[in-house]
Amino acid sequence: MSVTALAPYAFKPSDVRENFPAPLLYFGWEDHLLFCAPVCLPLPPDTPFGALASAVLPGVYGYHPDFAKIDWMQVEWFKSGKPWTPDPSKSLTDNGLKHKDVIRFRTPGLSGIKGSFS
Amino acid sequence: MDTTLAKKKLGLKDRYAAMTRGLGWETTYQPMDKVFPYDKYEGIKIHDWDKWQDPFRLTMDAYWKYQGEKEKKLYAVIDAFAQNSGQLGISDARYVNALKLFITGVSPLEYCAHRGFAHVGRQFTGEGVRVAAQMQSIDELRHYQTQAHTLSNYNKYFNGIHHSNHWFDRVWYLSVPKSFFEDAMTGGPFEFLTAVSFSFEYVLTNLLFVPFMSGAAHNGDMSTVTFGFSAQSDESRHMTLGMECIKFMLEQDPGNVPIVQRWIDKWFWRGYRLLSLVAMMQDYMLPKRVMSWKEAWEMYAEANGGALFKDLARYGIREPAGWKQACEGKDHISHQTWNTFYNYNAAAPFHTWVPNDDELAWLSEKYPTTFDQHYRPRLEFLREQQQAGNRFYNKTLPMLCTTCQIPMQFTEEGDASKICYRESDYQGDKYHFCSDGCKDIFDHEPEKFVQSWLPVHQIYQGNCFKPGTDPTAEGFDPLLAVLQYYEMEIGRDNFDFEGSEDQKNFAAWKGASV
C-alpha cells in the first residue's frame, strides 16, 4: 500500500547507509532483559566478526554477572531471528552483514538474574 | 416617533444554527473544491454536511463565558497553592517526577492538538464540524497554557521542569509523543479526527487523565487536581466530537467503513503505545498509588471500550486489530517501560529509582502472575547494585521501533522472556518494529515512515550535537555532547533519585535527613 496524498509523495529515507559514518548493526542478547532493548551500534564493515565478542560486546553487556560466564564456543547466533553461523575470522561484510541488520545471540545455560531472563 | 422594539432572543437551536451554519456560504469567486481542497482526497464521502450534529450546540459567545469563569477559579487555586507553599504538602519528592513526565511528554501534545485542530477547523467544508474543531483548538491552547502555569510553581523548587519545549523537539523519549502527533497532523482532516478525537480522546483519554489527576489528588497536589477539573468539561466535549465524527463518517457512505476501520486499527495501536509512558507513571512514579495500570486498563479499556465496539458493530466496525495484544500487555508494559527509563536515566530529565519493599509488595499483589517471576528479581538486583555504589546505567544507545519510536522493549505475546522483533524490507533497506501493530502501520505507508526522525539514528548521523562540536576531537564524549545539545542540567535533571538535589532539598524543607 502507499500513502494517500494530494500530490506526488516521495521523500528520501532518513536512515540510508550513506547518512552514517559506518553501517548500523543491532544486537540483542537473548534471555537478558536487564538490558531493556537491543542496542544499535555503527561498526566499520571490515571489523572481524570475532572482535564483537572480544572488543565490542564487553562494553555493552559486561555489567551483567552472566557476561563473564559466556562460553563463546557455545553461543548460538541468529540473524533476523533465523539460526546463523558466522565465521569469526571474517569481516562483518564477508559474513554477509549489511546496514541495519539485526543479530541476536543466545548463551545456553545462562538465563539471567535468578533465572528470570533479566 | 419611532419605537425601539427589543428583538426577540433566539432559542438555543436557532442560535446554534445561526452561529454555525449561518456563518458559512457557497463561494462564487472560486469553486468550493478549491477553497476546501483537503476534505475529499482521503476517500471519505460526505453527501450532506448538515447531518453533522453537535450534541453540545455550543456557540462561541457561550464558550467564552464558560471558559472565562473556569479560568478565574483555576487561577485563584494556583495562586493560593503558591502562597501556601503547596509544594511542601505533596507525599514525597519522587511524586514530582510524574509532573516532569507530564510537562515534558503531555503538555506539548496539547499544543500540537491546538495546531492540528486549527488546521482542520479551516479545512472541512461543513460549518458545524469547523466550528467544533475551532473551539477544540482554543481549548487545547488553553490546556497547554494552564498546565504550564499550574506546574510553574514546582519549577521554582524542583529540577527538570525548566525546558520542556526545547526537550520536546530533541530528547529521545519525547520523539514518541512528538512523532505520534506529527503523524496525525500530516494525515488528512478526517484521519486527524479519527486519530485524535476518536481513538485518543474517546477510547483512551481516561487512561491518560484519570491516572494523572487522581494521582495528583492522592499525592497532595491540589493545583494539578484543579487543573484537571478545569479541563474535564472540555474533555467530555472533545470525546463527544470524536464519537460524532466517527458516526457521521460511517452514516454518510458505506464506502467510508473500511477507511475508518483502518484508521481505528492504526490509531488505537499508536495511542496504546504512547500510553506506555502513563502505565509506568501509574505503577512506579506515584508514592501513593491509586490503582494499577492493569486495573485501569480493565476498567477503562476492556469494559468501556468493549461496549463501545459492540455498539459500533452495527456500522460494520470491529474492535481494533491490536486489541488482544494490548489486553495481554496490561501485565507487562509498565514494568518494561520503567526498566527502559532506569537503563537510560542519564539521558532523561527526571529521576528513576527502585521501588521500596512496600511498593514491591504492592506490585506483586497487583501483578500476581508476572511480577515476581519476571520483574522483581531484576529490580532487587538493581537495588543491590545501586546500594553497593554500582548503579546501572546503560551506555549503549537502544534499537528503536521505526513507527512508535519506543526502544524495542516489548516482549512476544505469551512469552515475557522474548523481545518481540519484526522487520520489513523496503527499497533495499531494513526497517524494524516492536510489534505486528507497528509493522502493519509502516507497511501501509512506508513512504511516510522512512522519514522517521529516530533519535538514536540522528545521534549517530551527528545531528544531535551543538553547533561547533567536533566529534573527531580527542577525548570526545558523545553522550556528554548529546546532553549538552539537550540543554539538560547534567547531575541535577537526570540520574537516580537517590542522592539527587530534589531528594536532598525536599528532605531539608521538611526537616528530615536523607
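The values are calculated or read from the model by the stated rules, or taken from the named source; none is laboratory data. These figures come from a predicted structure and were not determined experimentally. So basically every Cβ, Gly included, is an ideal-geometry build from the backbone, and we count neighbours across all protein chains shown.
Check every one of the helices (runs of 4 or more DSSP H) wholly within region B:417-501 and list those with 3 or more residues that are closer than 30 Å to B:GLY329 by Cα and at pLDDT 95 or above.
On the way: elements: B:436-444, B:446-449, B:455-460, B:478-486.
The qualifying helices (runs of 4 or more DSSP H) are B:436-444, B:446-449, B:455-460.
Contact annotation: residue pairs with Cβ atoms under 6 Å, 6 or more positions apart or on different chains, pairing a residue in region B:447-471 that is closer than 11 Å to B:LEU397 by Cα and touching a residue at least 12 places away in the same chain (Cβ under 8 Å) with a partner that is of a type in the set (Phe, Trp, Tyr) and part of a helix (DSSP H, G or I), are B:PRO455/B:TRP172.
Right, B:GLU302: surrounded by fewer than 18 Cβ atoms within 10 Å (Cβ to Cβ), charged (D, E, K, R) and closer than 20 Å to B:ALA416 by Cα or not? First the steps, then the outcome.
Details: surrounded by fewer than 18 Cβ atoms within 10 Å (Cβ to Cβ): yes; charged (D, E, K, R): yes; closer than 20 Å to B:ALA416 by Cα: no.
Judged against the criteria, B:GLU302 is not a match.
On the basis of being loosely packed, with under 12 Cβ neighbours inside 10 Å and within 14 Å of chain A (Cβ to nearest Cβ), does B:ASP33 make the cut? When the stated conditions are applied, B:ASP33 passes them. Applying a threshold of 6 Å to beta carbon distances and a minimum spacing of six or more residues, or different chains, the list of pairs starting in region B:216-233 at a residue that is touching a residue at least 40 places away in the same chain (Cβ under 8 Å) and ending at one that is surrounded by fewer than 20 Cβ atoms within 10 Å (Cβ to Cβ) and outside any helix (DSSP H, G or I) reads B:HIS218/B:LYS288; B:HIS218/B:VAL290; B:ASN219/B:SER91; B:ASN219/B:LYS288; B:GLY220/B:SER91.
Could you check region A:81-109 and list, in sequence order, the residues that are of a type in the set (Lys, Arg), surrounded by fewer than 20 Cβ atoms within 10 Å (Cβ to Cβ) and more than 19 Å from A:PHE35 (Cα to Cα)?
Restricting attention to region A:81-109, the residues satisfying the condition of being of a type in the set (Lys, Arg) are A:82, A:90, A:98, A:100, A:104, A:106.
When the remaining residues are screened for being surrounded by fewer than 20 Cβ atoms within 10 Å (Cβ to Cβ), the result is A:82, A:90, A:98, A:106.
Across region A:81-109, the qualifying residues are A:LYS82, A:LYS90, A:LYS98.
Here is the figure for region B:448-462: residues that are closer than 25 Å to B:ASP425 by Cβ, at the interface with chain A (Cβ under 9 Å from one of its Cβ atoms) and out of contact with any strand residue (DSSP E or B) (no Cβ under 9 Å at 6 or more places or on another chain) total 5.
Restricting region B:391-412 to residues that are more than 8 Å from every other protein chain (Cβ to nearest Cβ) and over 15 Å from B:LYS439 (Cα atoms), which is surrounded by the most Cβ atoms within 10 Å (Cβ to Cβ)? Ranking the candidates gives B:ARG391 first. Checking the stated criteria, A:PHE11 turns out not to satisfy the condition of being more than 7 Å from chain B (Cβ to nearest Cβ) and under 18 Å from B:HIS457 (Cα atoms).
Within region A:59-80, the set of residues being more than 9 Å from chain B (Cβ to nearest Cβ), surrounded by 15 or more Cβ atoms within 10 Å (Cβ to Cβ) and aromatic (Phe, Trp, Tyr) comprises A:PHE67, A:TRP77, A:PHE78. Here B:THR369 meets the list (1) more than 24 Å from the chain's Cα centre (by Cα); (2) within 18 Å of A:PHE35 (Cα to Cα); (3) of a type outside the set (Phe, Trp, Tyr) almost entirely, failing just condition (2).
Could you tell me whether A:VAL102 is within 11 Å of chain B (Cβ to nearest Cβ), within 21 Å of B:CYS401 (Cα to Cα), part of a strand (DSSP E or B) and among the β-branched types (Val, Ile, Thr)? Before the answer, list the steps.
Details: within 11 Å of chain B (Cβ to nearest Cβ): yes; within 21 Å of B:CYS401 (Cα to Cα): yes; part of a strand (DSSP E or B): yes; among the β-branched types (Val, Ile, Thr): yes.
So A:VAL102 fits the description; yes.
Scanning region B:458-514 for residues that are loosely packed, with under 13 Cβ neighbours inside 10 Å and of a type in the set (Val, Ile, Thr) turns up B:THR472, B:VAL514.
Of everything in region B:117-143 that is among the β-branched types (Val, Ile, Thr) and in contact with a Phe, Trp or Tyr (Cβ under 6 Å, 6 or more places away or on another chain), the residue that is farthest from B:SER230 (Cα to Cα) is B:THR125. Residue pairs whose Cβ atoms lie under 9 Å apart, separated by 6 or more positions or on different chains, with the first residue in region B:365-378 and within 14 Å of chain A (Cβ to nearest Cβ) and closer than 17 Å to B:MET291 by Cβ and the second assigned to a helix (DSSP H, G or I) and of a type in the set (A, V, I, L, M), are B:PHE371/B:LEU360; B:PHE371/B:LEU363. Remark: pairs (first residue in region B:35-48, farther than 14 Å from B:GLU191 by Cβ; second residue loosely packed, with under 13 Cβ neighbours inside 10 Å and among the aliphatic types (A, V, I, L, M); Cβ separation under 7 Å; 6+ apart in sequence or on different chains) = B:PRO37/A:LEU6.
The set of residues from region B:321-358 being touching a His at 6+ places or on another chain (Cβ under 8 Å), crowded, with 23+ Cβ neighbours inside 10 Å and in a helix (DSSP H, G or I) comprises just one member, B:HIS335. Considering region A:15-34 alone, what residues qualify as being among the acidic types (Asp, Glu) and more than 8 Å from chain B (Cβ to nearest Cβ)? Of everything in region A:15-34, just one residue is among the acidic types (Asp, Glu) and more than 8 Å from chain B (Cβ to nearest Cβ), namely A:GLU18. Which residues, counting only those in region A:35-50, are in a loop (DSSP other than H, G, I, E, B) and more than 7 Å from chain B (Cβ to nearest Cβ)? Correct list: A:LEU43, A:PRO44, A:PRO45, A:ASP46, A:THR47, A:PHE49.
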